[in-house]
Amino acid sequence: MGFISVAVDGPSGAGKSTMAKRLAEALGYVYVDTGAIYRTLGLLARRSGTDPEDAQAVSELLKRADIQLRYEADGLQHMLLSGEDVTAEIRLPEISQYASAVSAQPAVRAFLLDMQRDMAKHFNVIMDGRDIGTVVLPDAQAKIFLTATPEDRASRRCAELEDRGTPQDYETVLAEIVERDRKDSTRAAAPLRRAEDAVLVDTTGKSLDESFAILLDAIRRKL
Ligand code: C5P
């Protein structure tokens, strides 16, 4: 039996994970957060003192990387690094830059490609990332490109960081978002771009409920 895949791509802070989680619940699909996998590799690079921009060193690191994805009773995707649950730690802002840097390495993308495709072979999935509709699951039944202005995304990210008890000032968050957008869109390996057949959804100024309704409708039309 074939499984259904929904791809949600877009820049950081556009609300992909919040939306994809809710959509997965509504559709009864498994939510796969691919950014969390890159973040886990970013954390490994940081912990091991590996320069994330050094292709050779990162390739060596991959040989010893033990990364696993596990779904727990809370229904959430947990990331395990050598058996240790690092789900919370990978959300620290400094890990974002490491994740972005390691994810530009072609060896890293190749390493994670099978892991991501394998999920889609065994479950109905809603997968979020940067290259899901273009590279990982080009045959996904529904593709969404979710975006919002950098300012809107920075405001949301600030609110999220505050909720987590790790507040940061708006200007710093905005600068990081702009820098990550630049790196993610200009890298040679699987850059962030909208798939031709992806539905573009701009959440600027929209509430979570409004965005959710638009997305669910866009996906249902494709299934
Ligand atoms: O989505 P999130 O912010 O958690 O992703 C962290 C970083 O991982 C991104 O900035 C991006 O560089 C990288 N990433 C990627 N491809 C994906 C998912 C994430 O390159 N499919």
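Some notes on this structure:
- Against the empirical 2.2 N^0.38 Å (N residues), the range 184-223 has a Cα radius of gyration ratio of 1.47.
- Over the range 67-120, the ratio between the Cα radius of gyration and 2.2 N^0.38 Å evaluates to 1.23.
- Where a label projected 7 Å from the Cα of Glu162 along Cα→Cβ would reach, residues of the range 189-212 with amide N under 12 Å: none
- Full extension of the segment from Glu89 to Asp74, taken as 0.36 nm per residue of separation minus the current Cα-Cα distance, would add 3.6 nm.
- For the pair Arg221 and Ala55, a Förster radius of 41 Å applied to the C-beta separation gives a FRET efficiency near 0.45, rounded to the nearest 0.05.
- Set of lysines with alpha-carbon distance to Lys21 below 25 Å, sequence-local pairs under 8 removed: Lys121, Lys143, Lys206, Lys222
- The range 1-101: chymotrypsin sites (Phe, Trp or Tyr not before Pro) in DSSP loop, at most 14 other beta carbons within 10 Å: Phe3
- Proxy reagent accessibility, fewest Cβ within 10 Å first, across Ile37, Ile144: Ile37, Ile144
- Across q = 0.21 Å⁻¹, the range 96-223 modelled as identical point scatterers on its alpha-carbon atoms has Debye log10 I(q)/I(0) values of -1.37, in the order of the q list.
- Per-residue ellipticity at 222 nm, computed for the chain from helices alone with -39500 (n - 2.57) per DSSP H run of at least four residues, works out to -15500 deg cm²/dmol.
- Per residue, the Cα convex hull of the chain amounts to 123 Å³.
- Its Cα centre serving as origin, the chain has a Cβ charge dipole (Lys and Arg +1, Asp and Glu -1) of approximately 580 debye.
- Euclidean distance of C-alpha centroids, the range 91-161 and the range 1-67, integer Å: 6 Å
Values in this text are rule-based calculations from the coordinates and carry no lab data. Worth saying up front: this structure is predicted, and the values here are computed from it rather than measured. Neighbour counts are summed over all protein chains in view; Cβ atoms, including those assigned to glycine, are modelled from backbone coordinates with ideal geometry.
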